[in-house]
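The values are calculated or read from the model by the stated rules, or taken from the named source; none is laboratory data. Small disclaimer: the values here were computed from a predicted structure and weren't measured. Please note: Cβ atoms are built from the backbone with ideal geometry, for glycine as well, and neighbour counts cover all protein chains shown. We work out accessible area using only protein heavy atoms, side chains counted, and drop any ligands, DNA or RNA first. Shrake-Rupley method; radii C 1.70, N 1.55, O 1.52, S 1.80 Å.
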Amino acid sequence: MTTDLPRRIVLIGFMGSGKSTVGRLLANALGWRFADLDERIEVEAGRSVPRIFAEDGEAFFRDLEERVADSILRRDHVVLAAGGGWAARPGRLSQVPDGTLTVWLQVSPEEAVRRVRGTPGSRPLLDVPDPLDRARALMAERGPRYATAACTVDTEGLEPIDVSRRILALLGATDNRTP
Ligand code: S3P
């Protein structure tokens with residue numbers, strides 16, 4: 001793979017946009033490490049994300065999220081799948097370290113809710129009587145911040161491998177390892 005690659009890539013976007021699945025494929029294609037922000041937070045806290053929300057609240061989770069993300073973003077050759085709320089913080093994307101490519105995986109609220117329905121109880125913010133209504137409200141609030149990413153890929157109707165390939169194409173790279 002010969003191209004001018006960034007030093008690290010951060011996938012951002014709403015819950016259910018495929019950040020973790022795509023991130024793993026992309027890291028594999030690039031021969032880089034993969035980091036899932038929620039998983040790293042769970043290791044750091046020794047508890048699941050829903051438990052952190054339930055026991056200590058969202059503000060506590062956000063501080064931990066910020067700290068764990070900052071430590072991952074100091075590394076090179078890593079693909080980070082950020083949680084859906086990380087990039088929604090004011091000014092967050094403009095403060096990433098030099099050499100970080102931010103990519104927004106776009107998904108509609110309808111599709112996001114359909115995708116996360118498979119893992120009930122895993123997303124505290126959508127654990128409400130009307131998750132679609134909540135998803136629409138959150139997306140309206142967060143969309144303008146997500147849109148400040150350097151690149152955007154619309155994931156609607158695409159398989160994760162196709163999303164990964166689109167990102168590789170944006171990088172001017174190709175995935176030689178995947179048939
Ligand atoms: C959140 C998204 C989740 C997780 C937490 C909060 C959000 O991650 O960090 O439940 O605020 O959108 P995923 O986007 O990986 O589901």
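Quick look at the values:
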item: Within region 118-147, considering residues that are outside any loop (DSSP other than H, G, I, E, B) and of a type in the set (Gly, Ala, Ser), the one nearest to the ligand (Cβ to nearest atom); result: ALA135
item: Count of residues meeting criterion [free of Cβ contacts under 8 Å to residues at least 40 places away in the same chain and open to solvent by 50 Å² or more (accessible area, probe 1.4 Å)] in region 145-164; result: 3
item: Enumeration of residues in region 107-117 that are within 12 Å of the ligand (Cβ to nearest atom) and open to solvent by 40 Å² or more (accessible area, probe 1.4 Å); result: ARG115
item: Residues satisfying the stated conditions in region 87-105, i.e. of a type outside the set (Ser, Thr, Tyr), closer than 20 Å to ARG33 by Cα and within 16 Å of the ligand (Cβ to nearest atom); result: VAL103, TRP104, LEU105
item: Scope region 38-49; condition within 12 Å of the ligand (Cβ to nearest atom) and open to solvent by 40 Å² or more (accessible area, probe 1.4 Å); matching residues; result: ASP38, GLU39, ARG40, GLU42, SER48
item: Yes/no for ALA29 being open to solvent by less than 10 Å² (accessible area, probe 1.4 Å), in contact with a helix residue (DSSP H, G or I) (Cβ under 8 Å, 6 or more places away or on another chain), of a type in the set (A, V, I, L, M) and within 14 Å of the ligand (Cβ to nearest atom); result: no
